[in-house]
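Engineer: The structure that follows is given in the form of structure tokens.
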């Protein structure tokens with residue numbers, strides 16, 4: 001569907017679409033991919049979407065797409081766009097509906113051999129204790145003022161209530177709280193949707209996975225992250241639930257109506273945007289940050305529930321379990337950052353949608369404990385193959401505003417996946433491979449079948465080879481709770 | 001015959017809705033969205049709620065209308081199973097939503113949001129058509 005789009009090969013894994021391709025493009029677009037991935041990328045409209053995003057007023061550098069890119073709304077999933085903080089725009093479509101959808105990875109003291117016979121028990125306990133699936137509700141009833149506190153404090157909201165430790169906050173992006181959040185801005189609709197969903201995994205591609213470290217690529221960095229071969233890890237993928245979805249919906253409508261006031265025209269209505277410094281722009285950033293903080297509180301609570309589930313399933317205490325957070329980061333967010341643009345330090349709004357910040361060693365925005373290794377970057381794959389731990393490297397700052405991929409990226413629609421599963425029992429196939437899956441809905445398991453995704457190993461190989469991040473370790477699934 | 005048809009995108013799902021009038025189109029788009037979300041328990045008690053939504057254009061009105069119905073389910077546990085007396089005048093829709101409690105629905109998909117991707121209302125000799133994609 002994107003066969004007509006010209007791609008100039010710049011290096012082995014880097015392609016450029018010149019700004020002359022469409023009159024509305026203010027800058028070129030750059031796509032990181034291998035020939036195998038490009039073939040799949042060309043099957044949907046995502047290349048056109050990255051070209052569309054090059055039209056955003058105030059865009060700097062180029063519009064960028066990661067190797068896991070696929071069709072999204074406005075910006076494709078896997079898209080990265082930076083706009084000048086003083087003269088550029090902010091676009092909710094550059095962040096996505098699930099604001100601060102992100103990933104958290106915990107280490108444990110457990111080894112694969114210790115839990116292999118008990119993984120059914122662990123999966124059952126996780127499924128029982130962590131609310132998941134369509135329509136799931138959290139275990140804590142919260143007032144609007146409680147929720148506003150969560151939106152201001154992020155992870156600290158949960159830690160303050162005994163659901164985690166101070167050290168968790170130290171290894172969460174932005175300390176688990178964007179400081180410019182304004183909880184007064186999100187609508188009552190957002191609070192109504194968010195009040196029963198804090199501490200829930202959600203549905204679709206969200207999951208909680210018990211994994212083991214299958215391979216180490218960089219011993220030194222892996223050791224600094226606290227990882228070693230055959231160790232058990234726990235990965236959580238979730239976001240800001242209905243709260244964030246409503247914030248995006250509200251501002252998409254508002255910006256779509258307000259754009260003409262600022263003389264802005266974009267080729268795709270889903271890229272609706274306004275100047276960052278306009279009243280609508282400032283309000284979106286305040287509301288988006290509130291939703292981002294909600295998501296960090298959510299993942300902090302989910303980690304606490306997972307820790308309790310492990311302790312109950314294995315009858316062990318917290319010290320023996322040793323479930324400590326390695327890192328937590330967003331992959332749907334806009335951040336105020338400084339980057340070198342045309343040789344000049346410039347403050348920009350980096351929109352990452354299905355793309356992960358991956359800052360290098362020594363960067364001031366990463367936790368001191370990772371200052372020599374680079375930021376841990378967590379890349380979930382599908383539930384049948386593997387996930388990766390990467391580390392930020394210096395070259396990504398000039399290549400991609402310090403950004404790498406976010407996952408495998410879908411290649412098959414949900415209905416195509418269900419069709420492809422006809423006559424197959426995916427959960428049994430996975431169990432035969434030693435992977436226990438628990439989900440309220442068999443259709444979700446079919447929709448999320450491994451073949452519905454690109455091969456995450458190929459995506460990660462491209463990021464490693466293209467200098468977007470460094471490969472550190474590979475994790476393989478043992479038990480999965482699907483949302 | 002239903003006034004909508006389901007289709008898939010790479011990651012999400014959508015509906016093609018149609019209607020002899022603009023109001024029919026909006027009703028069918030809503031029923032299509034509820035179809036994606038789940039199946040109501042036929043024995044559940046039904047209640048009615050009057051709704052009114054405004055916007056600056058027909059397309060934006062469709063986006064806001066469906067977003068409001070999605071909110072009523074996700075935020076107020078009101079799952080629609082019918083609409084009555086829908087009228088649209090000057091980009092303002094009024095309608096009566098027939099709803100059942102959200103816990104009396106066999107859920108299928110959790111829709112995050114209505115998208116504006118290629119959202120356009122097309123007129124044809126037999127009425128109105130629109131394609132709406134939902135983020136799942």
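Engineer: What is the Rg over Rh value, at two decimals, for the range A:131-259, using alpha-carbon atoms and the Kirkwood definition of Rh?
Structural biologist: Rounded to two decimals, Rg/Rh equals 1.04.
Engineer: Would you tell me the mean number of C-beta atoms belonging to other protein chains that fall within 10 Å of each C-beta in A:91-99, as a whole number?
Structural biologist: 2
Engineer: At 0.36 nm per residue, and after removing the present C-alpha to C-alpha distance, how many nm does the segment from residue A:262 to residue A:425 gain when stretched out fully?
Structural biologist: Extra length from residue A:262 to residue A:425 when fully extended: 53.3 nm.
Engineer: Tell me, A:153, A:1 in order of fewest to most beta-carbon neighbours within 10 Å?
Structural biologist: So the ranking, lowest neighbour count to highest, is A:1, A:153.
Engineer: I need the calculated FRET efficiency for the pair residue B:96 and residue A:220, taking r as the beta carbon distance and R₀ as 56 Å, to the nearest 0.05.
Structural biologist: So, using R0 = 56 Å, E works out to roughly 0.25.
Engineer: I've got another one for you. Could you work out the mean projected area of the convex hull around the alpha carbons of the range A:231-304, in square nanometres to one decimal?
Structural biologist: Dividing the Cα hull surface by four gives the mean projection, 6.6 nm².
Engineer: Can I ask one more? Could you list A:447, B:58 in order of exposure, starting from the residue whose Cβ has the fewest other Cβ atoms within 10 Å?
Structural biologist: So the residues, fewest neighbours to most, are B:58, A:447.
Engineer: For chain A, what is the relative contact order in percent, using Cα pairs closer than 8 Å and at least 6 residues apart in sequence?
Structural biologist: Answer for chain A is 22 percent.
Engineer: Residues of the range A:263-297 with backbone nitrogen within less than 19 Å of a virtual label 7 Å along the Cα-to-Cβ line of residue A:146, please, listed as ranges.
Structural biologist: Answer for the range A:263-297: A:291, A:293-297.
Engineer: Once every Cα of the protein assembly as shown carries one equal point scatterer and solvent is ignored, give the base-10 log of I(q)/I(0) from the Debye formula at q = 0.12 Å⁻¹, two decimals.
Structural biologist: -1.24
Engineer: While we're here: Points 7 angstrom from Cα along the Cβ direction at residue A:415 and residue A:11: gap in nanometres?
Structural biologist: Inter-label distance under the simple model: 4.2 nm.
Engineer: While we're on this one: Can you tell me how the range A:68-176 classifies by the Cα gyration tensor, rounded, prolate or oblate, using a/c under 1.5 as the rounded cut?
Structural biologist: prolate
Engineer: Let me ask you something else. Among A:308, A:230, what is the fewest-to-most ranking by other Cβ atoms within 10 Å?
Structural biologist: The order, fewest Cβ neighbours first, is A:230, A:308.
Engineer: Let me check I have the definition right: for the range A:1-46, take the eigenvalues of the Cα gyration tensor, multiply each by 5, take square roots. What are those semi-axes in whole Å, largest first?
Structural biologist: Ellipsoid semi-axes (Å, largest first): 18, 14, 7.
Engineer: For a test of the definition: using alpha carbon positions, the gyration tensor, and the 1.5 limit on a/c, classify the range A:200-273 as rounded, prolate or oblate.
Structural biologist: Because a/c hits 1.5 or more and a/b exceeds b/c, the range A:200-273 counts as prolate.
Engineer: Sticking with the crude label model, points 7 Å out along Cα→Cβ, report the distance from residue B:129 to residue A:315 in nm, one decimal please.
Structural biologist: Result for the modelled spin labels: 6.5 nm.
Engineer: Here's a follow-up. Can you give the calculated 222 nm mean residue ellipticity of the protein assembly as shown, where each DSSP H run of n ≥ 4 adds -39,500 (n - 2.57) and the sum is split over every residue, rounded to the nearest 500 deg cm²/dmol?
Structural biologist: Theoretical 222 nm ellipticity from helices: -9500 deg cm²/dmol.
Engineer: Under the rule a/c < 1.5 gives rounded, and otherwise a/b versus b/c splits prolate from oblate, where does chain B land using the Cα gyration tensor?
Structural biologist: oblate
Engineer: Using a 7 Å offset from the Cα along the Cα-to-Cβ direction at both residue A:24 and residue A:160, what is the distance between the two label points in nm, to one decimal?
Structural biologist: Result: 4.4 nm between the two label points.
Every read-out reported here was derived from the displayed coordinates using simple, explicitly stated rules and does not represent laboratory data. Treat the numbers as computed from the prediction; the structure is a model and nothing was measured. Cβ coordinates were reconstructed from backbone atoms using ideal geometry, including for glycine residues, and neighbour counts include every protein chain displayed.
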